[in-house]
Amino acid sequence: WTRAMIDEHRKRDAPDMRRVVVAVDPSGTSGADDDGDSIGIVVAGLGVDGRAYVLADRTCKLSPDGWGRRAVEAYHEFSADRIVAERNFGGAMVEHVIRTVDKSASYKEVTASRGKVARAEPVAALYEQGRVSHIGGLPDLEDQMCQIGPDGYIGEGSPDRADALVWALTELMLKTQLEPRVRAL
């Protein structure tokens, strides 16, 4: 990602959304009192125009109860269809945290089977194609995005915000490309 790539398609307002997801990249740490990474929480939507819109960055460094509440609050605030969360750190704990806050929240677990750069490449291609817009400024997220290159992440800690972004946009824009195609008879 580059600043120019993000800035070129930045918007002030988003159109109506067909779908909205809240993506969570858990850190596996206990919260604000430790030296662990933040919990990436990014809200993105698929507009009626077929474009993706990054709506909010709610990344935090809170206890599991705290980040769970923050993710569910974003789910309700943006009328999201689903919370998508990476399973690799915490496994069933992530779903338990979300369900403890709101049993009715739609939840999907995703598993990282490839490295961060390989997962980010198809999403970065969406930006290159001009198919993603950020609503307003998301400076901390954008800083992380621009620190990911072919050789990996050059920032400090984990690219938690960028990982959550990748999960959100994969769910919205790439999911059908990753699933097997079924032809009608």
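The values are calculated or read from the model by the stated rules, or taken from the named source; none is laboratory data. Quick caveat: nothing in here was measured; it's all calculated off a predicted structure. No Cβ is skipped: glycine too gets one built from the backbone with ideal geometry, and neighbour counts run over all protein chains shown. Just the protein is used for accessible areas: all its heavy atoms, side chains included, with ligands, DNA and RNA removed. Shrake-Rupley method; radii C 1.70, N 1.55, O 1.52, S 1.80 Å.
List of remarks:
- Condition check for GLY137: open to solvent by 40 Å² or more (accessible area, probe 1.4 Å), under 22 Å from GLU8 (Cα atoms) and not in a helix (DSSP H, G or I): yes
- Those residues of segment 43-64 which are among the aliphatic types (A, V, I, L, M) and farther than 15 Å from VAL94 by Cβ, in sequence order: VAL43, ALA44, LEU46, VAL48, ALA52, VAL54, LEU55, ALA56
- Scanning segment 45-77 for residues that are hydroxyl-bearing (Ser, Thr, Tyr), over 12 Å from the mean Cα position of the chain (by Cα) and surrounded by 19 or more Cβ atoms within 10 Å (Cβ to Cβ) yields one hit, TYR75.
- Residue in segment 109-134 that is least open to solvent (accessible area, probe 1.4 Å), counting only those that are under 23 Å from PRO26 (Cβ atoms) and among the acidic types (Asp, Glu): GLU109
- Unique match (being open to solvent by 50 Å² or more (accessible area, probe 1.4 Å) and either modelled with pLDDT of 95 or more or touching a strand residue (DSSP E or B) at 6+ places or on another chain (Cβ under 8 Å) (or both)) among ASP16, ASP33: ASP16
- So SER106, is it at pLDDT 90 or above, open to solvent by 10 Å² or more (accessible area, probe 1.4 Å), farther than 22 Å from ARG10 by Cβ and within 16 Å of the chain's Cα centre (by Cα): yes
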